[in-house]
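Encoded as structure tokens, the structure appears first; notes follow it.
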Amino acid sequence: MPDLLSHAFIAYTLCTLLALRYEWVSPQYVTVAMAGAFIPDMAKIELVLDDAVVGNALGLPFAWSGLHTLGGAAVSVLIGVILVRPAERTRVGGLLALGAASHLTADAFLLKASGRSYSVFWPLTQYAPPTPGLYLSTDLWPSVVTGMAAFVTWLIVRRGFGCWK
Amino acid sequence: MNVNLRGPHSSDVLSPRSRRLLGLGVLVGLLGGCAVGFGSVTPNPAVGDYPNEGSLAVNPDGYVNEYVQVTGTVVQTDPVVIEDTYSVWVGDRYRRGTIRLHIVGLDRSVHPGQSLQVYGTVRPDGSVQARTSVSVRAHKQLYMYVVSALAGLWVLLRLVRGWTGSAADLALYQRASPVTLGGIRRLRSGDDTDA
């Protein structure tokens, strides 16, 4: 979606809800999913190191936005996986993937003039799915709504508000 | 926790750290491959990936009567003109520059400085006949950068509280229990790891 804060809230909410089903999902693991939600936006390196600068240095076409795709995110998740202990790799890999997938999905709902999102499944396909156009990347309300969802989830799951815990 | 339990006379040629380093090298190479691969992708309207302002800049006559999606900053309102910088791979290097495009038939009023995205067809004179458009006011972009930076700080703090790393092992470990920020300062001044 829009801003990184909304992405962090979404990953927090999804992962904390998982804690209702899986006891091992501690706040430390929730952080892993939130870090995973940042993965696709590594493509924002472009703002400081232009595609053209890297591409001309390499003598090859180059687009940081390749990291903001299924393929780029999957490789990034694997980097996170090999940085942790073997015993933790399945959990960390799953949570990083959950965070990254929630980011790519939320961004596929961004409003575009053409009504088509972006090549989210690359390199499997260049197909840009139709977008429902739910929000602009600069809208304020998604961070308010996702923030409220995260807060309510925290109250219920971590503070035992309601019937759980 | 040290994962390197094998001695120097282990039959394995590579230590766990070296294997991890090798794995990292391969994955970073793959990541670079993703960036190069995606950079090589050319627009394909049939699958919803439309030519953009950069495509028009390097090939002004190539898209007449075809659909494009162009984005830029409004620099003039009557007629509407948008401007954007582009960098497009042509032949063996990136061509960079600034392009100005006339937009015709816009269904909304726009102000200089705001960001405008237009979907429409290219007319023979090079202007874009708008079919649909999306616009963003300039000050809202600042909001996005500020809250994104806050989010980065939040997750960084959570990571530092719950996880710790070892440069020697090239690895990240979960802390036995999350530390407070004061605890992290104490760890910094004394023993650096609780792994």
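The values are calculated or read from the model by the stated rules, or taken from the named source; none is laboratory data. Given the structure is predicted, the values throughout are model-derived calculations rather than measurements. Reconstructed Cβ throughout: ideal geometry from the backbone, glycine too, with neighbour counts over all protein chains shown.
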Original post:
Does residue B:46 qualify as being in a helix (DSSP H, G or I) and farther than 24 Å from residue A:60 by Cβ?
Top reply: yes
Subject >> Filter result for the condition that a residue is within 20 Å of residue B:144 (Cα to Cα), of a type in the set (Gly, Ala, Ser) and surrounded by fewer than 19 Cβ atoms within 10 Å (Cβ to Cβ), over A:106, A:100, A:149 >> reply: A:149
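One line per residue, one yes/no per condition, for (1) more than 7 Å from chain B (Cβ to nearest Cβ); (2) of a type in the set (Val, Ile, Thr); (3) in contact with an Asp or Glu (Cβ under 7 Å, 6 or more places away or on another chain):
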residue	(1), (2), (3)
A:84	no, yes, no
A:123	no, no, no
A:149	yes, no, no
A:156	yes, yes, no
A:159	yes, no, no
Original post:
Can you find even one residue in the range B:129-146 that is more than 9 Å from every other protein chain (Cβ to nearest Cβ), more than 26 Å from the chain's Cα centre (by Cα) and either surrounded by fewer than 15 Cβ atoms within 10 Å (Cβ to Cβ) or modelled with pLDDT of 95 or more (or both)?
Top reply: yes
Subject >> Scope the range A:6-24; condition among the aliphatic types (A, V, I, L, M) and modelled with pLDDT under 95; matching residues >> reply: A:19, A:20
Subject >> Among residues of the range B:102-136, those that are more than 20 Å from residue A:117 (Cα to Cα) and touching a Ser or Thr at 6+ places or on another chain (Cβ under 8 Å), counted >> reply: 14
Subject >> Among residues of the range B:101-126, those that are among the small types (Gly, Ala, Ser) and part of a loop (DSSP other than H, G, I, E, B), counted >> reply: 4
Original post:
Is there a residue being assigned to a helix (DSSP H, G or I) and farther than 26 Å from residue A:144 by Cβ anywhere in the range B:155-172?
Top reply: yes
Original post:
Out of the residues in the range B:104-118 that are more than 11 Å from every other protein chain (Cβ to nearest Cβ) and of a type in the set (Val, Ile, Thr), which is surrounded by the fewest Cβ atoms within 10 Å (Cβ to Cβ)?
Top reply: B:104
**OP:** Could you check, for the range A:30-49, whether at least one of its residues is buried (at least 22 other Cβ atoms within 10 Å of the Cβ) and more than 18 Å from the chain's Cα centre (by Cα)?
**Re:** no
**OP:** Could you check residue A:75 against (1) at the interface with chain B (Cβ under 7 Å from one of its Cβ atoms); (2) out of contact with any helix residue (DSSP H, G or I) (no Cβ under 9 Å at 6 or more places or on another chain); (3) not basic (Lys, Arg) and say which number it fails?
**Re:** (2)
Subject >> Selected residue [farther than 30 Å from residue B:171 by Cα, in contact with a Leu (Cβ under 8 Å, 6 or more places away or on another chain), part of a loop (DSSP other than H, G, I, E, B) and of a type in the set (Ser, Thr, Tyr)] from A:119, A:143, A:137 >> reply: A:137
**OP:** Return yes when residue B:98 is away from chain A (no Cβ under 11 Å) and either at pLDDT 95 or above or in a helix (DSSP H, G or I) (or both) and no when it is not.
**Re:** yes
**OP:** Quickly run through the range B:49-89 and pick out the residues that are part of a loop (DSSP other than H, G, I, E, B) and surrounded by fewer than 21 Cβ atoms within 10 Å (Cβ to Cβ).
**Re:** B:51, B:52, B:59, B:60, B:61, B:62, B:63, B:65, B:66, B:78, B:79
**OP:** Sort out which residues of the range A:49-72 are facing chain B (nearest Cβ under 7 Å), part of a loop (DSSP other than H, G, I, E, B) and not small (Gly, Ala, Ser), and write them in order of number.
**Re:** A:50, A:60, A:61, A:62, A:69
